[in-house]
Amino acid sequence: MIKVGIIGATGYAGNELVRILKGHKEAEIVHYGSRSYVGQRYADVFRNCTEIVPEECGDDNIEEIADKADVIFTATPQGYCAGIVTEEVLKKCRIIDLSADFRLKDVSVYEKWYKIEHKSPQFIKEAVYGLCEINREDIKKTRLLANPGCYTTCSILTVYPLAKAGLIDLSTLIIDAKSGTSGAGRSAKTDNLFCEVNENIKAYGVATHRHTPEIEEQLSYASGEQVMLNFTPHLVPMNRGILVTAYANVKKGVTEDMIRKAYADCYQNEKFVRVLNKGICPETRWVEGSNYTDVNFVLDERTGRVIMMGALDNIVKGAAGQAVQNMNLMFGLPEDMGLDLVPMFP
């Protein structure tokens, strides 16, 4: 039985970790860490856990949690995990960080985009980027896992097969993405109030969104060339979901069959990536509450461009579900254990 500690258990991703791990037959949550709700019953904070989680919220003392846990999930803001992780902690247990603290290999890029100083750059080199479909073997061996972001997971999985196969001109790549409001976290913010979000859609972080370098870095690894792209996120009035629509020029001679084969080669054995049949566009409603990512494409022969599409649940495959998938790999368990979550509809 894997003993699990969660720091940030009272955020959206933290509560989703609790929901998933409560159905995991090889995991036991031994600590519900929360800076804001210490001493309060977890089920009083999230009443979906009434008569399911009797424990109280504890503090966020990572050294003490590491003494009783085999793995600690840090579902915390950027900069937090980097400020508390130590060699002593990593000798005791493994860390799965849901923030961006260890996703980028260049400290200067991290500090430029996140506007904070990195507190533990000595661990960046050994941290493994936890996109299971791409880095599975490295994930199995690591003690420090950088869980990818929601926008980045959807964007990378959508574009990756064509970048890896060299079928598109990556200098022409544009990614348009839309997210539900849960992606902004549970903290009170005026821009996320009902009256601000309802009946509205808006772009934000235009040309400055901090997931941009993460997408560029991973697609650069896939393609073997330096990638620079436009990424524009949008906020839409729904609770969950990411929808990505990406555009790029195809290289000369590339056909629809070649593109279809590239997706099949990458994902035919991947349980959590579903390549849809021709003519079916991914929709967030068909992945909600699940760990699946749906992808597809349309080749526009008139313009010589391919339109790549992807959809996932930003709190599951985009955060907690992917973190549990990584935990399974790190501890030698079946990758899908605890993640047989059929999408919810309606």
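Quick note: the coordinates plus some simple rules give every number you see, no bench work behind them. In this text the structure is predicted, and so the values were computed from the model without any measurement. Neighbour counts are summed over all protein chains in view; Cβ atoms, including those assigned to glycine, are modelled from backbone coordinates with ideal geometry.
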Send over the per residue convex hull volume for the chain, Cα only, as a whole number of Å³. 136 Å³
Answer in debye to the nearest 20: the dipole magnitude of the chain about its Cα centre, from +1 Lys/Arg and -1 Asp/Glu charges placed on Cβ, is 440 debye
Residue by residue, what Karplus-based ³J(HN,Hα) values in Hz, rounded to whole numbers, does segment 52-62 have, using 6.51, -1.76 and 1.60 with θ = phi - 60° and x for Gly and Pro? 10, 10, x, 6, 8, 6, x, 8, 10, 6, 5
Compute, for segment 151-313, the length of the dipole vector about the Cα centre, with Cβ point charges of +1 (Lys, Arg) and -1 (Asp, Glu) only. Units Debye, rounded to 20. 120 debye
Under the rule rounded for a/c under 1.5, else prolate if a/b exceeds b/c, else oblate, using alpha carbon gyration tensor axes a ≥ b ≥ c, segment 126-228 is classed as oblate
Which percent of Cα pairs goes in each bin when the distances of segment 2-126 are cut into 5 angstrom slices starting at zero? 2, 11, 21, 22, 18, 13, 7, 4, 1, 0
Cα gyration tensor shape of segment 225-272, rounded if a/c is under 1.5, else prolate or oblate by comparing a/b with b/c: oblate
Size-normalised alpha-carbon gyration radius of segment 151-313, reference 2.2 N^0.38 Å: 1.04
For segment 249-340, take every pair of Cα atoms, bin their distances at 10 Å starting from 0, and report each bin as a whole percent. 16, 40, 28, 14, 2
per DSSP, antiparallel bridges as share of beta bridges in the chain, % nearest 5, sits at 50 percent
Would you mind ranking T303, T181 by Cβ crowding within 10 Å, fewest neighbours first? T303, T181
To check you understand DSSP bridge types, tell me what percent of the beta bridges within segment 2-126 (both residues inside) are antiparallel, rounded to 5. 5 percent
Here, trypsin sites (Lys or Arg not before Pro) of segment 150-210 satisfying both criteria (DSSP loop; at most 16 other Cβ within 10 Å) are R186, K189
Cα centroid of segment 1-80 to Cα centroid of segment 120-168, whole Å: 25 Å
The helix 212-223 Cα axis meets the longest alpha-carbon principal axis of the chain at an angle in degrees, between 0 and 90 and rounded to 10, of 60 degrees
For segment 212-292, count all C-alpha to C-alpha pairs, find those more than 15 Å apart, and express that count as a whole percent of the total. 72 percent
Two decimals is fine: what is log10 I(q)/I(0) at q = 0.16 Å⁻¹ for segment 52-159, from a Debye sum with one equal scatterer on every Cα and no solvent? -0.75
